[in-house]
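In what follows, a single structure is set out as structure tokens and then discussed.
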Amino acid sequence: MANINTREQSSKIAKKEGTFTMAATVQDITLSVPDVSCEHCVKTIDGALAVLPGVETVSTDIPTKTVHLRYDSSQLSAEKIEAVLDDAGYTVAK
């Protein structure tokens, strides 16, 4: 089960001629990962996801068997996140 919340964030970029605003889409997603059972799982999942482009935060919770991510969806898709988890040996519950 995935919960996805999208919010627009603005960042200002200064140029010689002035300042303009560029919007980036940041998503918060919580994935149910039933096979999370120990600190090794947490380190494996967090390590695999933290290096992906666009990932701002990763938090894996053993008691709830969930993974929470905040990421820039213009750089990374939910499908890619699920594929990386699958490659690490963890299936996302649908």
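Summary of computed values
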read-out: Residue check, Val84 in contact with a helix residue (DSSP H, G or I) (Cβ under 6 Å, 6 or more places away or on another chain), surrounded by fewer than 18 Cβ atoms within 10 Å (Cβ to Cβ), farther than 11 Å from Gln27 by Cα and not basic (Lys, Arg); value: yes
read-out: Within the range 56-70, tally of residues that are surrounded by fewer than 17 Cβ atoms within 10 Å (Cβ to Cβ) and either touching a Lys or Arg at 6+ places or on another chain (Cβ under 6 Å) or assigned to a strand (DSSP E or B) (or both); value: 6
read-out: Residue match in the range 37-50 (condition: in contact with a Ser or Thr (Cβ under 8 Å, 6 or more places away or on another chain), among the acidic types (Asp, Glu) and in a loop (DSSP other than H, G, I, E, B)); value: no
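Computed from the coordinates by the stated procedures, all read-outs in this text should not be read as laboratory data. This is a predicted model, so every value here is computed, not measured. Glycine gets a Cβ as well: all are built from the backbone with ideal geometry, and neighbour counts include every protein chain shown.
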